[in-house]
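Structure, as structure tokens:
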Amino acid sequence: MACENNLVVKQIIDLYSQISNLESLKPSKNVDTLFGQLVSTCLPTDTDIDVTKIHDEKVKDMRSHLIKLCGEAEGYLEQHFSTIIGSFEDNPLNHLHIFPYYNNYLKLSKLEFDLLAEHTSHVPTKIAFIGSGPMPLTSIVLAKFHLPNTTIHNFDIDSEANTLASNLVSRDPDLSERMIFHTTDVLNAKEGLDQYDVVFLAALVGMDKESKVKAIEHLEKHMAPGAVLMLRSAHGLRAFLYPIVDSCDLKGFEVLTIYHPSDDVVNSVVIARKLGGLGEVRSSQIERCVVMPCNCSKIHAIMNSRGIKKTMIEEFTAIE
């Protein structure tokens with residue numbers, strides 16, 4: 001059966017129709033219900049649907065628009081809850097659990113930290129997070145629970161988002177010193193990007209293939225050789241919610257791991273290393289868009305007899 005005729009895809013198209021007719025995407029009972037149904041519909045991983053093979057132009061256009069609508073709604077949701085949480089008189093970080101997807105961020109950040117630990121030989125001292133938004137939960141969770149001595153620089157194009165985000169950590173004696181906020185377009189950030197051991201690129205930076213690749217190319221040009229790039233992607237039906245980043249999009253990087261969660265964590269995780277440092281490999285190996293699928297229940301690094309990570313791409317799908 002063609003992908004576009006699949007029953008689940010038809011359900012997604014129906015939800016898209018309802019969402020696209022909403023007067024506003026700001027949090028409300030109706031908005032929350034529709035997006036909750038959409039996420040639930042896209043979560044199952046026991047499907048062979050490959051959205052990259054959809055031929056129906058209307059469905060492809062629908063997916064592109066739906067991803068943008070999801071991004072817009074997510075921005076409103078973060079803005080809404082950042083305002084609420086930031087209004088508490090005590091440390092707002094004590095109230096992060098109010099955010100409806102807080103537990104998902106705990107899981108995703110732990111996954112990303114574990115992947116990072118597998119592919120780095122030292123704890124990063126400085127991290128850049130591009131597209132941190134009004135609710136920089138990944139940065140907060142990493143700094144608070146996994147990287148207690150690391151300084152995290154958060155970049156966002158929206159000054160209001162940075163004001164809200166900064167307010168969340170302003171009353172925390174530790175994070176207020178280690179969380180720094182910059183208001184700028186990533187494409188204007190040039191000098192200084194080579195100072196970071198690790199650069200995170202948020203899922204909402206570049207909501208279509210062209211703009212996502214443009215951001216990646218900019219980072220490749222200005223990151224330090226050997227630095228690590230962490231990206232969020234999507235797999236299966238979840239690619240109706242977020243753009244896909246694959247190895248072909250990462251020219252100038254050695255792709256180390258592509259990890260596809262199978263629980264309620266929506267985003268896949270891609271980790272790559274900027275060429276020119278210790279991770280340099282032949283360009284012919286990077287030009288090929290090839291992954292080595294492997295079903296694994298835990299993350300692991302592939303090492304050779306000298307203890308050096310081999311040049312290959314690992315693609316993992318978690319098993320419940």
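The values are calculated or read from the model by the stated rules, or taken from the named source; none is laboratory data. Remember, it's a predicted structure, so these values are computed and weren't measured experimentally. Note that each Cβ is placed from the backbone with ideal geometry, even for glycine, and that neighbours are counted across all protein chains shown. Ligands, DNA and RNA are stripped out before the accessible areas are found, and what is left, the full protein with its side chains, is counted by its heavy atoms. Shrake-Rupley method; radii C 1.70, N 1.55, O 1.52, S 1.80 Å.
First select every other residue whose beta carbon is under 14 angstrom from the beta carbon of residue 163; then total the charges, Lys and Arg +1, Asp and Glu -1.
Numbers: positive: none; negative: 78, 156, 158, 160.
For residues surrounding residue 163, the net value is -4.
Can you tell me the length gained on complete extension of the stretch residue 263 to residue 117, counting 0.36 nm per residue apart and subtracting the Cα distance? Walk me through the numbers on the way to the answer.
Numbers: separation 146, 0.36 × 146 = 52.56 nm, distance 2.15 nm.
Once the chain is fully extended between residue 263 and residue 117, it gains 50.4 nm.
Of the trypsin sites (Lys or Arg not before Pro) in the range 180-235, which ones lie in a loop per DSSP and count no more than 14 other C-beta atoms within 10 Å?
Numbers: sites: 190, 209, 212, 214, 221, 232; in loops: 190.
Loop-located and lightly packed - 190.
Per residue, how many Å² of accessible area does the range 132-257 show with a 1.4 Å probe? Could you put the intermediate results ahead of the total?
On the way: 4650 Å² over 126 residues.
Heavy-atom SASA per residue in the range 132-257 reads 37 Å².
Roll a 1.4 Å probe over the protein chains and send me the accessible area per residue for the range 39-78 in Å². Don't skip to the end; give the middle numbers.
Details: 2260 Å² over 40 residues.
Per-residue accessible area for the range 39-78 comes out at 56 Å².
Let me check I've understood the local charge: for residue 92, count other residues with C-beta under 14 angstrom from its C-beta, Lys and Arg +1, Asp and Glu -1. What total comes out? Please report the intermediate quantities before stating the final value.
Details: positive: 144, 171; negative: 78, 89, 90, 172, 174.
It works out to a net charge of -3.
What lysines sit close enough to residue 53 to cross-link, taking a C-alpha to C-alpha distance under 24 Å and skipping anything fewer than 8 places away on the same chain?
10, 68, 209, 212, 214, 251
With a 1.4 Å probe and every protein chain kept in, tell me what percent of the accessible surface of the range 119-278 is carbon plus sulfur. Write down the numbers at each step before the final one.
Working: 2990 of 5790 Å².
After summing per-atom areas, the C and S share lands at 52 percent.
Could you work out the local net charge near residue 187, counting Lys and Arg as +1, Asp and Glu as -1, over the other residues with Cβ closer than 14 Å to its Cβ? Kindly include the intermediate steps, with their values, before the conclusion.
On the way: positive: 190, 212, 214, 221; negative: 156, 185, 191, 210, 217, 220.
Once all neighbours under 14 Å are counted, the net charge is -2.
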